[in-house]
1. Tally Lys and Arg at +1 and Asp and Glu at -1 over the other residues with C-beta under 10 Å from the C-beta of B:Thr107: what net charge comes out?
2. Nearest 10 degrees is fine. How inclined is helix A:142-157 to the longest principal axis of chain A, computing both from alpha carbons?
3. Whole-Hz Karplus ³J(HN,Hα) for region A:161-166, in order, using 6.51 cos²θ - 1.76 cosθ + 1.60 and θ = phi - 60°, x for Gly and Pro?
4. Within 10 Å of each Cβ of B:83-90, how many other protein chain Cβ atoms are there on average?
5. What shape does region A:124-230 take by its C-alpha gyration tensor, where a ≥ b ≥ c are the square roots of the eigenvalues and a/c under 1.5 counts as rounded, a/b above b/c as prolate, and the rest as oblate?
6. 5 Å is the cut-off here: which amide hydrogens, built 1.01 Å from N in the peptide plane, fall below it relative to A:Thr129, excluding neighbours closer than 5 in sequence?
7. Suppose a student asked you for the relative contact order of region B:52-130, using Cα pairs under 8 Å spaced at least 6 residues apart; what percent would you report?
8. Packing-wise, with mean Cβ within 10 Å as the measure, how do B:111-118, A:127-134, A:283-290, A:348-355 rank, highest first?
Amino acid sequence: MTTPVAVVGVGTTDFGALGRTADDLAGEALRVALDDAGLAGLDVDGLLTHRVDSYEGLAAEHGLDPRWTVALPPEGRMTGPALQLAAAALREGLCHTVVLVYGNDGRTRGATYGAGNSGSTAAGEGYGTTPALTAPHGMTSPGAFSALMLQRHRHLYGTTEEQLGAVATTFRAHAALNPQALRRDPLTLEDYLASRYVVAPLHVFDYCQINDGGVALVLTTLERARDQRRAPVHVLGAAQRARLTGSDLPPDDFWADALTEVGEAVLRSGGRSRGDVDALMVYDNFSPNVLFTLEGLGWCKVGESGEWVAEGRIALGGRLPCNTSGGQLSEGYLQGWGLVVEAVRQLRGECGARQVPGARTVQYACAAPIVSSVLFGREA
Amino acid sequence: MDVRPHVDGLRAGLLRVARCGACGTAAFPPPRVCPRCGARDTVEWFTASGRGTVWSAVVFHKTYLAEHPAPYPVAVVELAEGPRLVTTLAGLLADDLRDIRIGQAVTAEIDANREPPRVVFRPDPEGEAP
Ligand SMILES: [Zn+2]
């Protein structure tokens, strides 16, 4: 990257059933993030909003008249692209300090991700473009799409329920170390296997926790970041690859080609190799996506992710700690933003009992019809 | 995407799906531009044999939609001609995924009397499609 870009502030609200609007939560997160960065609204000249109802209302309320404003549609697949876009705007000199602001009132709104109220487009209720083909069969919900992918994976590679269960139980153990997490009670593999199916083969614990909450980040150029109160967390690379053609049906390769491409791109951009990655924050709207992401990024061979996670590698203390906050399965569903903040906090060394010792490089990745990854580092 | 020829076909008892008229790539639902060769507006509708295999399947245990009370299966079937369809499997115990074998040969049955009409697939008595 030419002009280096860094995260200098993060802010989160409480998570849970809060009875507040998305924009109210986003606004609170914005204030917390600016305080964290030691900046005022007047220092901000770039605004990116995600899932808020009114970027205009948010900007007016918080005194923002940016040189650069972008509002993205509500799907969680937009989080990686949001970071990529903001970093590009900074590098291009379109603005010097961007706030990325996210608010979600899905829990209060009664979002179901399958029967309406998700506040999202058709893609949020059930993947694909053509409900006329899927509705007559009762095919709805992104979770069912993930379940179809997993059942195919099980057929091809013998992935077992016990192996998949390691994702939910591992992240739950991480959540127990995170006071902010929503699901903190212990979850054993036996509990997991005995739990109800939502869309078989997925159990209820394979689904993220629908949630209210706000998250904000402050990004700036490294030149400015050096003057801020927080040690900068460098954005070393960001990449995306769409798999939107044919998205009505599950992808044959579990998005592996696109994951490989974006994974290699962010490492190349950051001058890192995969072995440098100390932790991975992986978009876990549904736990099978963790398996697909590990395979696509090359952490294990295609088809071997079940075994890989079951052997403890994604747990704190393992080779590649994943979702140290508890992830979206256990901390709460914030469409990737909570994971991004966790990456920053790990690199700042703020994670207490769940800290990855000496973390220097942390990667975010999302497997979805827009595949994306962002690489963060303590050093440039 | 425009799937009216498919739905109209079902109403007439025919399973009509599409491919790219330029390169022959199966494309259903049919995009206006072929993602393989880039040809524009060459969608070619044809009547499929109705033979296929189960590509993947799930069982809904949650009722999202009142008109589809759980449990019920949803499958992706790959037709012999290439296109894949989201569909329902007929003649199974509805609530047990273990009854559904991926790779199982299936044959289309069109229910033209529903509105909207739909195609479901019934497992063949034995064997897998070649
Ligand atoms: Zn073509």
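The values are calculated or read from the model by the stated rules, or taken from the named source; none is laboratory data. Nothing here was measured: the structure is a model prediction, and the numbers come from that model. Cβ coordinates were reconstructed from backbone atoms using ideal geometry, including for glycine residues, and neighbour counts include every protein chain displayed. Accessible surface is based on the protein model in full, side chains and every heavy atom, while ligands, DNA and RNA are left aside. Shrake-Rupley method; radii C 1.70, N 1.55, O 1.52, S 1.80 Å.
1. Net local charge, B:Thr107 excluded: 0.
2. 60
3. Values, residue by residue: 4, 4, 5, 4, x, 4 Hz.
4. On the way: counts 1, 5, 5, 16, 5, 4, 1, 0.
Taking all residues of B:83-90 together, the mean is 5.
5. In terms of gyration-tensor shape, oblate.
6. For A:Thr129, whose amide H was placed from the backbone, the distant partners under 5 Å are A:Asp248.
7. 30
8. Top to bottom by mean Cβ count within 10 Å: A:283-290, A:127-134, A:348-355, B:111-118.
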